[in-house]
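The values are calculated or read from the model by the stated rules, or taken from the named source; none is laboratory data. The structure displayed is predicted, hence computed values, not measured ones. Cβ placement follows ideal geometry from the backbone for every residue including glycine, while neighbour counts extend to all protein chains displayed.
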Amino acid sequence: MHVTLVLTHECNLACTYCYAGEKFRRDMDWATVSRSLDLLFAAPRGFRDAPLDLGFFGGEPLICFDMLERAAVDAQARAARDGRTLRLAVTTNGTLIDDAVAARLRELGVQVTLSIDGCREAHEATRPQRGGRSSFDDVLRGAEAMKRAGLPLRVIAVVSPENVRWLGDSVRFLAAQGATEIILNPAFEGAWSDDDLVVWEAGLLAAAEVYAAAIRAGRPIAMPTFDNKLLAAAKGGLASCDTCGAGDRELAVSPQGNLYPCARMVGEDRDTRLVIGTLDSGVLPARTAEFVQGPLDPACGECAERWRCGASCACANLAETGTTHLPGGTQCWYEQASARIADATGRTLLDEGDATFLAWTYGRVATAAKAAAQAATIERKRRLPVVAGA
Ligand code: SF4
Ligand code: SF4
């Protein structure tokens, strides 16, 4: 079970692709936080006592740092009382992280994901301060504070038509900053032209070179764009936990206590079509059905990528096509391009017999024998070579 608290609608930035909508100061109060935690801790233990996930989101959640801290401490006390495993996470624009905030987040065990769109040019094309001033140096200061506190530099970079031309430079830049994970988050709803897609593919190829170079150096950088395709190949497909959990395992709470299938859908908390309940009513099953992802659209037909296609994210689909179940053309293109590039990169690393790659990819599959058997299946599908001795 994953509950995300949208702590405020307020933000100090004005990103071009922002899905939070109008920024206004409505913060979550303690009663709403506490009732949200009641909801999280009421979740059944489930298979193998699956952990409880508590996320903090916004707007910019660190504007409400005191409330985040109080929620984290209270949630940890509940977890200790109930014998539950709890994971805490925040997604932040990083501009409000100083040494004290970074140290406290580390102390609380909060996983921090920093939003930075890459090199200066890419970031400044899309993530200005409100009022237009650059936020780049402020974000870098936040990143440095994270590193000083010993927090891993986990970054999320939105790829949009405005900044895609710097994608390769951006991934190189983020790797040079010491990023341990680089999440490329495409703005599928952007106005992508055919020329943009050509530039995007070149950027993905450059990103794959960074990914491979880090593995060859024995210091892999997690990049879900490629990791997810290669892990799916190693596992023989996607597990249910790899797919979108909207309307099922995911829940977001708005500052005034409305429930949504995921945090991205909260926006200004004014679109009642996306509300699936309130803290008073609880989740209304009749409202969640349309968000639970079923099989891919019939139009996907016999597409060779069906078995590991990630185009099932309800909020990404909604943003691009206006329908939670229908992936759009840009997302479909991206799934195929990233799979093609991941497979080519994986094949090269396997041909080189790179031990780090074997451990990084196949080592994460349940057993080496299973991995080898699954890789053989993949080979039959002409994707990745068999892993000798994995
Ligand atoms: S930091 Fe987040 S909430 Fe703030 S403007 Fe950017 S995308 Fe929107
Ligand atoms: S890659 Fe496109 S056509 Fe293929 S399964 Fe995914 S969305 Fe459907």
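Whenever a residue of region 17-28 is part of a loop (DSSP other than H, G, I, E, B), its partners that are buried (at least 16 other Cβ atoms within 10 Å of the Cβ) and of a type in the set (D, E, K, R), lying with C-beta atoms within less than 7 angstrom and at least six residues away or across chains, give the pairs 19/264; 23/10; 24/10; 25/10. Within region 260-307, the set of residues being surrounded by fewer than 17 Cβ atoms within 10 Å (Cβ to Cβ) and of a type in the set (Phe, Trp, Tyr) comprises 307 only.
Scanning region 96-123 for residues that are among the aliphatic types (A, V, I, L, M) and either surrounded by fewer than 17 Cβ atoms within 10 Å (Cβ to Cβ) or farther than 20 Å from residue 183 by Cβ (or both) turns up 96, 100, 101, 103, 108. For region 45-69, filtering for residues that are surrounded by fewer than 16 Cβ atoms within 10 Å (Cβ to Cβ), in contact (Cβ under 8 Å) with a residue 12 or more places away in the chain and more than 21 Å from the chain's Cα centre (by Cα) leaves 3. For region 328-342, indicate whether the set of residues that are outside any strand (DSSP E or B) and modelled with pLDDT under 80 is non-empty. No, the conditions are met nowhere in region 328-342. Can you pull out every residue in region 317-352 that is hydrophobic (A, V, I, L, M, F, W, C), over 16 Å from residue 203 (Cα atoms) and away from ligand 2 (no atom under 11 Å from the Cβ)? Of everything in region 317-352, those that are hydrophobic (A, V, I, L, M, F, W, C), over 16 Å from residue 203 (Cα atoms) and away from ligand 2 (no atom under 11 Å from the Cβ) turn out to be 318, 319, 349, 350. Based on what the data block shows, is residue 5 of a type in the set (A, V, I, L, M), within 20 Å of the chain's Cα centre (by Cα) and under 20 Å from residue 266 (Cα atoms)? Answer is yes for this residue. Restricting region 1-51 to residues that are more than 25 Å from residue 124 (Cβ to Cβ) and acidic (Asp, Glu), the residue that is nearest to ligand 1 (Cβ to nearest atom) is 27. Kindly indicate whether any position in region 209-231 is acidic (Asp, Glu) and touching a His at 6+ places or on another chain (Cβ under 7 Å). No - not one qualifying residue is present in region 209-231.
Within the option set 92, 126, being surrounded by 18 or more Cβ atoms within 10 Å (Cβ to Cβ), under 24 Å from residue 178 (Cβ atoms), polar (S, T, N, Q) and free of Cβ contacts under 8 Å to residues at least 60 places away in the same chain holds for one residue only, 92. Residues that are aromatic (Phe, Trp, Tyr), surrounded by 22 or more Cβ atoms within 10 Å (Cβ to Cβ) and away from ligand 2 (no atom under 16 Å from the Cβ): does region 168-189 have at least one? Checked against the condition, which is being aromatic (Phe, Trp, Tyr), surrounded by 22 or more Cβ atoms within 10 Å (Cβ to Cβ) and away from ligand 2 (no atom under 16 Å from the Cβ), region 168-189 yields no hits at all.
When we screen 274, 259 for residues that are under 23 Å from residue 189 (Cβ atoms), more than 16 Å from ligand 1 (Cβ to nearest atom) and either under 24 Å from the mean Cα position of the chain (by Cα) or of a type outside the set (A, V, I, L, M, F, W, C) (or both), the only hit is 274.
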